[in-house]
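Read the structure below first, then the notes.
The values are calculated or read from the model by the stated rules, or taken from the named source; none is laboratory data. Computed from a predicted model, the values in this text were never measured in an experiment. Cβ placement follows ideal geometry from the backbone for every residue including glycine, while neighbour counts extend to all protein chains displayed.
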Amino acid sequence: MRAVDIIRAKRDGERLSTPAIADFVQGVTSGAWPDYQIAALLMAIVWRGMDAAETTALTQAMVDSGRRVDLSGLPGPRVGKHSTGGVGDKVSIVLAPIVAACGVTVPKMSGRGLGHTGGTLDKLEAIPGFRTALDLDAFRAALAAHGCAIIGQTADIAPADKALYALRDVTATIESVPLIAASVMSKKIAEGSDALVLDVKCGRGAFMKTYDEARALAQALVEIGEGAGIRTEACITRMDAPLGRAIGNALEIRECIDLVHGRGPADLEALITYLAARMLCLGGVAPAEDAAAARVREAVASGAAAARLAAMIAFQGGDAGVVAEPDRLPMARERATVSSPRAGVITQMDAEIVGRTSVVLGAGRARKGDAVDPAAGVRLLRVVGDRIDAGDPIFELHASDAARLAEAETMVRSSLVIDDEAPAATSVVLGRVSAAGEWRA
Ligand code: URA
């Protein structure tokens, strides 16, 4: 089918046949479809959607655009994890070594920053020497040696997703259940896990703003995963304010190091413990969530998780010394502090605005292929629920170029709501969808 006919059909709200979807994905992979036609079809899908059969066909065509990793022969259950993207979401970098230290193999293929959300690969590459471009033999060797590895999609894993992901990032075509579901699941099916825990972000800083949207995405992800023979759970978690206190690549690696030593911020610690416990349960190495959470805490307290993180960094060519000495990470030359305009309680800190601020500072991309600045980002000196006085410092902005600070300062101020009354306490986990149905917190 001609590209223009496929685009017109979707623009007019028609269902796309499996062969038409295969033609599209083939055109993306081979380069036969130019970026403008791909972008036009992506925008039509954002507006018109896709049903379950189309989404499954898109996922399968994206898996078939490359090869599948064969992890048979590696020890232990193999449980993957993926987040749909948040601000300050550095969970995978801490979770993978913790779960590996508990006896589960964690094969992890991650992405780069997307829109206002950060990317695990960009964060890891802030560690001097760290290589995310391992080939599949090295990936298997890393998993066999240390139980965890975090790499980028190799050229032969879901190459169609790699091309689409980069284009969606710069054409405002991210927020779509079928596009996100096919993107996430094509990578995860190709990655070779037996089971999968997904973190579907929900709220102001997420691509899914409401619980209902997040549940629809969670259900689509679980349906595709189970259909492909992978035990899949999708946890729905809050993403209204940034997670933790650091946004930006090297700043977030510092926070990961704190977390792996058991001295991280409480919101992230709770989320990591929860997701890690779900992975242990799904992998069958713990009988129930309480016992699994106790093992996770022990892996951190004993230093086993920190040792795994250092081993993973060393295997992937990075300076493992950062785990003991985080000051070896890049640091920004230019800094500015943003203070509170009034006294009160912080009731809101809009994660999307803080994420966009870190992109303005250089931590993310404005155009496909842009380089990111490892040192740029935002540190939160106060968080939601904190009582403050007028003039108290709230944000610390980090950049390599002082010219970026002024725009970032105006932007980050607009993320804040300060009231007289404290907000109601909220929990980070909102719900979970699995083959057994929905559980609501
Ligand atoms: N994460 C992905 O891998 N793909 C998306 O489309 C969004 C988040």
Would you confirm, using the coordinates I've provided, whether residue 157 is β-branched (Val, Ile, Thr) and at pLDDT 95 or above?
no
State whether the residues of the range 72-86 include one that is of a type in the set (A, V, I, L, M, F, W, C), modelled with pLDDT under 95, more than 15 Å from residue 275 (Cβ to Cβ) and within 15 Å of the ligand (Cβ to nearest atom).
no
Do we find that residue 107 is buried (at least 24 other Cβ atoms within 10 Å of the Cβ) and within 16 Å of the ligand (Cβ to nearest atom) in this structure?
yes
For the range 154-171, state whether one or more residues are closer than 25 Å to residue 314 by Cα and either crowded, with 23+ Cβ neighbours inside 10 Å or hydroxyl-bearing (Ser, Thr, Tyr) (or both).
yes
Could you grab me the full set of residues in the range 251-291 that are in contact with a strand residue (DSSP E or B) (Cβ under 7 Å, 6 or more places away or on another chain) and under 27 Å from residue 125 (Cβ atoms)?
251, 252, 254, 255, 271, 275, 279
Any residue in the range 115-132 that's aromatic (Phe, Trp, Tyr): show its pairings with residues that are crowded, with 21+ Cβ neighbours inside 10 Å and in a loop (DSSP other than H, G, I, E, B) at Cβ separation under 7 Å, as long as the two are six or more apart or on different chains.
130/316; 130/318
Is there a residue in the range 326-347 that is in the same structural domain as residue 410 (by TED's automatic domain parsing), closer than 24 Å to residue 198 by Cα and either buried (at least 23 other Cβ atoms within 10 Å of the Cβ) or out of contact with any Leu (no Cβ under 7 Å at 6 or more places or on another chain) (or both)?
no
For the range 113-136, what are the residues that are within 11 Å of the ligand (Cβ to nearest atom), touching a strand residue (DSSP E or B) at 6+ places or on another chain (Cβ under 8 Å) and assigned to a loop (DSSP other than H, G, I, E, B)?
119
Among the residues in the range 215-232, are any more than 26 Å from residue 99 (Cα to Cα) and either more than 13 Å from the ligand (Cβ to nearest atom) or hydrophobic (A, V, I, L, M, F, W, C) (or both)?
yes
Confirm whether residue 259 is outside the structural domain of residue 358 (by TED's automatic domain parsing), among the aliphatic types (A, V, I, L, M), crowded, with 24+ Cβ neighbours inside 10 Å and assigned to a loop (DSSP other than H, G, I, E, B).
no
Qualifying residues in the range 396-417 (those that are over 24 Å from residue 201 (Cβ atoms) and either small (Gly, Ala, Ser) or not assigned by TED's automatic domain parsing to the domain that holds residue 347 (or both)) - the one nearest to the chain's Cα centre (by Cα)
399
